[in-house]
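To start, the structure under review is shown below, and the notes come after it.
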There are 2 protein chains.
Amino acid sequence: MIQDKPDKGRRQNRKATEPPLFQGRRAPVADNPGHDQTGARIRVVIEGVQPEIDCGRFPAKRVVGDHVTVEADIFTDGHDALAARLLYRAEHQSEWRETAMEPLVNDRWRGVFQVTELTDYHYTVQAWVDRFMSWRQGFSKKVAAKQDVALELVEGAELVGEAARRATGTDAEMLAGYAAALRSSDADAGRKAVDDELAALMSTYSEHRWPAIYEKELRVAVDRQKAEFSSWYEMFPRSCAAEPGRHGTLQDYTARLPYVAEMGFDVLYVPPLHPIGRSFRKGKNGALTTSPDDVGSPWAIGSEEGGHKSIHPRLGTLADFKQLLAKANEHNIEIALDIAFQCTPDHSYVKEHPEWFRKRADGSIQYAENPPKKYQDIYPIDFETHDWQALWEELKSVMLFWCEQGVRIFRVDNPHTKAFRFWEWAIAEVKKDHPGTLFLAEAFTRPKVMYRLAKLGFSQSYTYFTWRNTKRELTQYFTELTRTEVAEFFRPNLWPNTPDILPEYLQYGGRPAFMARLILAAMLGANYGIYGPAFELAVNAPREPGSEEYLDSEKYQIKQWNIESPESLRGLIARVNRIRKANPALHRNHSLRFYPVDNEDIICFGKQTNDRNNVILVVVNLDPHHTQSGWVELELADLGLDPAQPFQMHDLLTDARYLWHGARNYLSLDPNVVPAHVFRVRHGLRREQDFDYFM
Amino acid sequence: MIQDKPDKGRRQNRKATEPPLFQGRRAPVADNPGHDQTGARIRVVIEGVQPEIDCGRFPAKRVVGDHVTVEADIFTDGHDALAARLLYRAEHQSEWRETAMEPLVNDRWRGVFQVTELTDYHYTVQAWVDRFMSWRQGFSKKVAAKQDVALELVEGAELVGEAARRATGTDAEMLAGYAAALRSSDADAGRKAVDDELAALMSTYSEHRWPAIYEKELRVAVDRQKAEFSSWYEMFPRSCAAEPGRHGTLQDYTARLPYVAEMGFDVLYVPPLHPIGRSFRKGKNGALTTSPDDVGSPWAIGSEEGGHKSIHPRLGTLADFKQLLAKANEHNIEIALDIAFQCTPDHSYVKEHPEWFRKRADGSIQYAENPPKKYQDIYPIDFETHDWQALWEELKSVMLFWCEQGVRIFRVDNPHTKAFRFWEWAIAEVKKDHPGTLFLAEAFTRPKVMYRLAKLGFSQSYTYFTWRNTKRELTQYFTELTRTEVAEFFRPNLWPNTPDILPEYLQYGGRPAFMARLILAAMLGANYGIYGPAFELAVNAPREPGSEEYLDSEKYQIKQWNIESPESLRGLIARVNRIRKANPALHRNHSLRFYPVDNEDIICFGKQTNDRNNVILVVVNLDPHHTQSGWVELELADLGLDPAQPFQMHDLLTDARYLWHGARNYLSLDPNVVPAHVFRVRHGLRREQDFDYFM
């Protein structure tokens, strides 16, 4: 159905009298009325093109290898037949490639192209009245009505003859043959006129007379596949020492890699590893007073020992960091670095660039505050500074510095408190030199701000998943994220916990709550992450009741984690990550569908690959305290299931297999065993491959 | 809340060091990142502006006197307070006017401006970080937290002092006074800092530092009020003769005006009154053979006697036509003329401009056909002609010719078979000379084509109402027309019948069907029309079973209508039109809401004015054969009703009054009496004005 071919050859064959398709790289603005000789006779309209984010101001997002489906409303006055094509090219290509668009229903057309390079692609749509197909349509009707078609054959022969002159080689010969046959009006002419081979040739050599060109050239930004599917683990280096009480180092951290790899994570996110300020350093549990042995928060960046391009001496050296990158690579783990653009009063920027900070009336520098809270250890950067250009360059150089060490993933701290325009520029600049770089936006803020950051270039985004616990909340939120235009630019990364957030559900729900939230995050989101070892050890004590801060938070002190605890969820995590890897349905979010269950404490949803070879159905008991049971109502057609046949539900968590019949099925989940099923739906029964252990 | 003031004075007061707001009339493109000194420091984002049709390619539509509500998503990084204003101007004005925008929820802002002239208006949005309000926010929090605010007062005094220098006259003095008070840090300073008067002054003299300007200048096209609210009546002049058998004239037609006026219509649509071709003239019931006395179809335009600018000699003269216009005017009726751009073989265009028609291979001109049907009496115009410019000018001159005679409404026949670009150009050209001109698109075609024509400039459009009979169909269709973006550009005009369409529902439903469809059209649509006298006489015989053509259609022959028939629905029609005129809720469609009824044959909907002083509730029995009853479920809050109080339902059709209680109410409708209630909802009881006869 879809044929890709370079446009170049075609264009050379076109007659000089036809209007040029494209002069250079930009699609000319063609959809305005006017008195120019060509434009006024353009009868076709192209509108409602999708994807198109904010009128084309921002690109849609895809990953390498994706097929981009483009749809448009295309129509003309009257009843003529149309032809349409999708034009596309990689950023660096000067020639358009093209693929045919096919009509769906209600004047909607669709075309598909594949993105194979790590760059932006451009696309637009072109359509024109297809004279031959219009003629063929009328001809067939007249033949059916047994009307005389002698004149029609002459006119058809003329159109075919014109196409023959546009064609070359055997195509030209074949077309000339058809033209002669039609002109002859012999017994066979009527059959030949509607020959599919002729239609195909005429489509290839279609006369693009007065083509309508969509007025915008749209873009799709292509990332590497990890942008779409990744499993994150956050861990503090200084808590990784083998011996209790010692300040962990990057070497200790590197030694923990096998632990992370065994759980199946492929991104290890390191909180800031820069020197920590001394002025107003926070003590344990965020206390305003410190004792000399308090280590401070890694997000209080900058001391006499260095700033954003330095490594905290107690963690080690740049060489240690490079060793970490190399070893992580052996485990197929990427290191994600934290980008937190803020400074302690001790940061060298404060002395060297005082104009980058806001000055108070008394000459002091404005520290961060949210009255009554004061964060005197943090100076926010003033993006309204007159010296913004130097500032932007310096901040960019921080990211480039770490890129040069080999980092290709950044987790950006509070991007919503820095200027939007800076991010759009900086992300583009970094990707110019290092195209595969990914940026995760830690913007726990208002929805439109979160979406804007995603449009500006952030590859992934933290979400409200952290606080969405009920079936209604989860269904509504994930429907918005996966079933609306948001899915075109916003890639959710789901975190059940972070060093800043121990949600109430985890505080009160015990181990079952951790299991349920792990499975929800890992199955609802193709990208997800946990902050460990606090997560797998089900640490659930808050600083005080009503607080989401961890008690004795690792942000302010070194922790000693008993990672070998028999209570650890690491085995379940490993299994969940293996299930994710083995099932391509879970590598994307676009197929997510929720199914009704007659119990508000049970949520059921499915994901599947486009070819339906991999269909996953997840059922989770959201009540961490009681066994819940209920009837699930599936849409069998949607899952590719035959309502007349039983089907096998293979629970990938327990390896149990169930035989289900029809749309309604009963189940019961005890949160103290496993609060979820992760079923692979097996379509047929008694087929030998169903009995292979799948992973 | 909304203060309108010209921007000019403000601008003169602004300091030279601030960036210019607007240079000339166009809003500069400001929402792109870049390295220019001003743009990079713009921290505010403006997106999601509504109304905005197809990225601003087309204007939204309003009528004179309307308030245009503009909304936008406006936000910045961090937590600063913002200010936003809506800028607007009439097409001919070079200076923007402005009005403040107010925040709603979730970063959504709203502003309103009124359109008072018959022209396009332009609008855009501007927003900036409000330094004073940001300061005030922090100041108040610190005061509440009992923190020291001495430094804050100094900084506040500085901001107020700057504003004082921007202000003039007493405003400047007052601001200077506030600045001094704050600077003094005396006991009263804290109270003065948060004074509302100060806030208002600071808002007036707000420093627009690095304002974000929405990147598009959007448009709203303003028509006269009839575009929004009109009652149409279609009638053939040649059937208006007083004596049976005679060919009616424009004078006869003029004599029928009181009949039309009594029914309460304000637009009288005249089918084409041009000379009718002789070649291939159609006989009675569309027969291919004619007898010499066959009068032909008025849509077969052009003969030796003239074309689109001529009047059929048997109808009269241009003087008669002008007399018709003058007399109609006395009855507050406007004449709508038919624009049917097609020609008979006898039209002078065919000889004078053969290049405006498509030529076949044998040199003949292509007539209209839809195999197996042939319309040899009609030559469609070829909008792909190389001579398109002369063609466009000539067609425009047809409309201008009739405008010069005094016509200001055109009903355009089959606009969807003519080039879109022509219409956009021609409508704009006509309105340039005659701004009040209205165009009704008779495009019974695919939805996207109908919507496109509306976007291009048609003021009103025929709809699928003609074929929407069930509650589900009507609810779905009118929800789409009134509750989606379609309402911004598409003004429905509802016709239960036309000379081309006698729907099956009318064929089989008898008088009750005509009553129900009349009430539905007149109440669902602020614009509606009927083709009479066939409608009020409940003519329901089709040409043959399964056909929607009238038997002995007036399109092909002269009819003699017994308009004085006692069976006529003219009395009901007059009452319905009086109800429409007296109730402003029915002059618009935007408030249309459907309410559930537990009977699929009963439909219930309401309309109301924004101030809820006029609330109409319509209930129609869609079953023309049987009495139907059921429970209506109202949303009382939506109707402005107190659930604890009874309310009076005043049926404006019968003048009966009912006392209803609560949301659920029972009713029963006998189609053979009146198949509908048209209630005016009376909020209070026992108030003297409820007992006045309302019209």
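The values are calculated or read from the model by the stated rules, or taken from the named source; none is laboratory data. Nothing here was measured: the structure is a model prediction, and the numbers come from that model. Virtual Cβ from ideal backbone geometry, glycine too; neighbours counted across all protein chains shown. Accessible surface is based on the protein model in full, side chains and every heavy atom, while ligands, DNA and RNA are left aside. Shrake-Rupley method; radii C 1.70, N 1.55, O 1.52, S 1.80 Å.
Data for the structure
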item	result
Residue in the stretch B:324-335 that is out of contact with any helix residue (DSSP H, G or I) (no Cβ under 8 Å at 6 or more places or on another chain), aliphatic (A, V, I, L, M), surrounded by fewer than 18 Cβ atoms within 10 Å (Cβ to Cβ) and at pLDDT 95 or above present	yes
Unique match (being closer than 22 Å to residue B:514 by Cα, surrounded by fewer than 22 Cβ atoms within 10 Å (Cβ to Cβ), away from chain A (no Cβ under 13 Å) and polar (S, T, N, Q)) among B:475, B:479, B:463	B:475
Residue in the stretch B:530-547 that is among the charged types (D, E, K, R), touching a Ser or Thr at 6+ places or on another chain (Cβ under 6 Å), buried (at least 23 other Cβ atoms within 10 Å of the Cβ) and in the same structural domain as residue B:290 (by TED's automatic domain parsing) present	yes
Scope the stretch A:390-416; condition in contact with a strand residue (DSSP E or B) (Cβ under 6 Å, 6 or more places away or on another chain) and part of a helix (DSSP H, G or I); matching residues	A:402, A:415
Sole exception among (1) away from chain B (no Cβ under 13 Å); (2) among the charged types (D, E, K, R); (3) over 22 Å from the mean Cα position of the chain (by Cα) for residue A:373, by number	(1)
Residue count, the stretch A:206-218 (criterion: crowded, with 22+ Cβ neighbours inside 10 Å and of a type in the set (Ser, Thr, Tyr))	1
Subset of the stretch A:572-600 that is farther than 20 Å from residue A:669 by Cα and free of Cβ contacts under 8 Å to residues at least 40 places away in the same chain - its residue that is surrounded by the most Cβ atoms within 10 Å (Cβ to Cβ)	A:585
Residue among B:158, B:173 that alone is within 11 Å of another protein chain (Cβ to nearest Cβ), of a type outside the set (Gly, Ala, Ser) and in a helix (DSSP H, G or I)	B:158
Candidate set from the stretch A:185-196 (those that are open to solvent by less than 60 Å² (accessible area, probe 1.4 Å) and either in a helix (DSSP H, G or I) or not assigned by TED's automatic domain parsing to the domain that holds residue A:143 (or both)); member that is modelled with the highest pLDDT	A:193
Failed item, numbered, when residue A:551 is tested on (1) touching a Pro at 6+ places or on another chain (Cβ under 8 Å); (2) at pLDDT below 95	(2)
Counted residues, the stretch B:601-639 - those being open to solvent by less than 50 Å² (accessible area, probe 1.4 Å) and either out of contact with any Pro (no Cβ under 7 Å at 6 or more places or on another chain) or not hydroxyl-bearing (Ser, Thr, Tyr) (or both)	26
Scope the stretch A:225-247; condition acidic (Asp, Glu), modelled with pLDDT of 95 or more and open to solvent by 10 Å² or more (accessible area, probe 1.4 Å); matching residues	A:228
Residue that is nearest to the chain's Cα centre (by Cα) [pool: residues in the stretch A:122-165 that are open to solvent by 30 Å² or more (accessible area, probe 1.4 Å), within 22 Å of residue B:382 (Cα to Cα) and acidic (Asp, Glu)]	A:162
Residues (within 14 Å of chain A (Cβ to nearest Cβ), aliphatic (A, V, I, L, M), assigned to a loop (DSSP other than H, G, I, E, B) and in contact (Cβ under 8 Å) with a residue 12 or more places away in the chain) located in the stretch B:82-122	B:104
Selection status of residue A:107, surrounded by 20 or more Cβ atoms within 10 Å (Cβ to Cβ), under 30 Å from residue A:62 (Cβ atoms) and at pLDDT 95 or above	yes
Scan of the stretch A:422-443 for residues that are more than 13 Å from chain B (Cβ to nearest Cβ), part of a loop (DSSP other than H, G, I, E, B) and either free of Cβ contacts under 8 Å to residues at least 40 places away in the same chain or charged (D, E, K, R) (or both), ordered by number	A:434, A:437
Conditions (1) within 14 Å of chain A (Cβ to nearest Cβ); (2) under 35 Å from the mean Cα position of the chain (by Cα); number of the one not met by residue B:317	(1)
Some residue of the stretch A:497-512 being of a type in the set (Lys, Arg), in a loop (DSSP other than H, G, I, E, B) and more than 28 Å from the chain's Cα centre (by Cα)	no
Among residues of the stretch A:60-82, those that are open to solvent by 20 Å² or more (accessible area, probe 1.4 Å), within 21 Å of residue B:57 (Cβ to Cβ) and under 28 Å from the mean Cα position of the chain (by Cα), counted	1
Number of the condition not met by residue B:410 [criteria: (1) crowded, with 17+ Cβ neighbours inside 10 Å; (2) outside the structural domain of residue B:270 (by TED's automatic domain parsing)]	(2)
Qualifying residue in the stretch B:394-414 (condition: within 11 Å of chain A (Cβ to nearest Cβ) and charged (D, E, K, R))	no
Of all residues making up the stretch B:197-212, the number that are at pLDDT 95 or above and more than 14 Å from chain A (Cβ to nearest Cβ)	6
Scope the stretch B:341-365; condition closer than 23 Å to residue B:273 by Cβ and either out of contact with any helix residue (DSSP H, G or I) (no Cβ under 9 Å at 6 or more places or on another chain) or open to solvent by 30 Å² or more (accessible area, probe 1.4 Å) (or both); matching residues	B:345, B:346, B:347, B:348, B:351, B:352, B:353
Selection within the stretch B:366-403 - touching a Lys or Arg at 6+ places or on another chain (Cβ under 9 Å) and open to solvent by 30 Å² or more (accessible area, probe 1.4 Å)	B:366, B:367, B:369, B:370, B:372, B:375, B:379, B:380, B:386, B:397, B:401
